[in-house]
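Notes for the one structure printed next.
No lab work stands behind these numbers, since they all come straight from the coordinates. Everything numeric here is computed off the predicted structure, so don't read it as measured data. All Cβ positions, even for glycine, are placed from backbone atoms using ideal geometry, and neighbour counts span all protein chains on display.
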Amino acid sequence: MAGNARPPIDDGAVLITGASAGIGRELAVQLAPRARMLVLLARRAGRLDELRASLLARQPRLQVLTLSVDLSDENDVERALAEAGEQAGAVDVLVNNAGVGDQALADQADWTRVRNMLRTNVLAVAQLTTALVPAMVKRGRGGVLNMGSGAGLTVMPAAAAYSASKHFMHGFSEALRADLTGTGVVVTQVCPGPVDSEFDQIAGSAGGMTGGPPQLLRISAAQCAREALAGFDRGVPLVFPGRAYRIAMRALPLLPRAVAPPGRPVRHPHPPRRRRRSPSGPAGRAGRSMRISRLILSGAAIGTIIGTGRADLNATHVFNPAWPPHARFHNATGWGTVTGSQLLALWLLWRPGQQASDQDTAVTTAALLSAAAWVPFFPALAISGADVEDEPGHLPRVAGVPVNLVPAALIPAGCALGCLLHRHGR
């Protein structure tokens, strides 16, 4: 793709699926001042008509075509494409936003729901893209904005088919972008986390899908749409809306699979003991887990505050100035930053009312925060002799390492142990 290629949104015709609510509706609202025509597809005709009236009231020059369509029905999609071609002409930008979810264990899933979900999330995306992209390529300009999910980059328990459909979207978007390189057609995939919309309720998982990102990362549909369009305008391949969620998702590939799992299974392999009398479901399981692991990770956070404080603030522990810059953060500012991160870790670990998915993310995040605080100290473990201290022999040593550096090895190991125990429900 040309380095300066931009999606032809301005004065163009944009087709948006799933436009009646949530992110799709916000995309329509934010695209209205720029586009010449909006073609809005969704099942609920009443909501589409309401949105059309609202858009025209704000943008009288805008042309809006609304088409009620069931995206799980291939014939209905063909009908909608034909009507759009007749009434709107060429489509410059395709926004594959529509998507449905389903929350159920694989052996308890309803096939009708699974089939309709796969037809909507997979087949309709491929059908619309295959129908509209060839004309974009011929014109030498166009855009495809695909609304994926973080589930397309990992997996979620009790959502096997949904996760698979979003893995399709990820692979489809990446391959499509490669195929269209140099054609002038921009392809961007958006992978949002929790968003304020009707998605969770329709999927049967009010409050967030089990195994998904914690709800503290939730953003509004308007913010999601705004950041999606900003990335699309720049031709960014992959957009993670929301700053905190973006940081978490970019760190995910750096973690070993055993440390950064999607979440514990939602069905415990062994029945709970009667004496615990915990409620059933995800909330009950959340209360029965994360005990030893939470104590270990809390100890790691407290040990990090104390250990780095001694190394950062005590003049006798000042590191050799010959060390590389990333190994020299021995001042109050550095220690204050570390302390803040560890207090955040403790809050995540002990925050009340957490669901199972929140606990998974809390454990992983707390472990990363505590282990990362010791990264600047790692070079010291490879330095021997007098180079480790300003005053050789001043500090007691353990296995040849000054005692103030022992936590640099033990605490990250403890973080890994805490994650491992959490994975086993301890």
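Using a Förster distance of 22 Å, how high is the FRET efficiency between L252 and A126, based on the Cβ-Cβ distance and rounded to 0.05?
Between L252 and A126 the formula returns 0.25.
Multiplying the sequence separation of E74 and A244 by 0.36 nm and subtracting their Cα-Cα distance, what value in nm do you get? Walk me through the numbers on the way to the answer.
Working: separation 170, 0.36 × 170 = 61.20 nm, distance 3.81 nm.
In short, 57.4 nm is gained.
Starting from the 7 Å offset along Cα-to-Cβ, what nm value, one decimal, do you get for the label separation of I306 and T112?
6.1 nm
How high is the FRET efficiency from A230 to A135, r the C-beta distance, R0 30 Å, rounded to 0.05?
Values: r = 26 Å, r/R0 = 0.87.
E(calc), rounded to 0.05, equals 0.70.
Give me the compactness ratio for region 97-147, meaning the Cα radius of gyration over 2.2 N^0.38 Å. All intermediate terms of the calculation are to be shown ahead of the outcome.
Working: Rg = 15.0 Å, N = 51, 2.2 N^0.38 = 9.8 Å.
That works out to 1.53 for region 97-147.
What is the fewest-to-most order of E50, E26 by other Cβ atoms lying within 10 Å of their Cβ?
E50, E26
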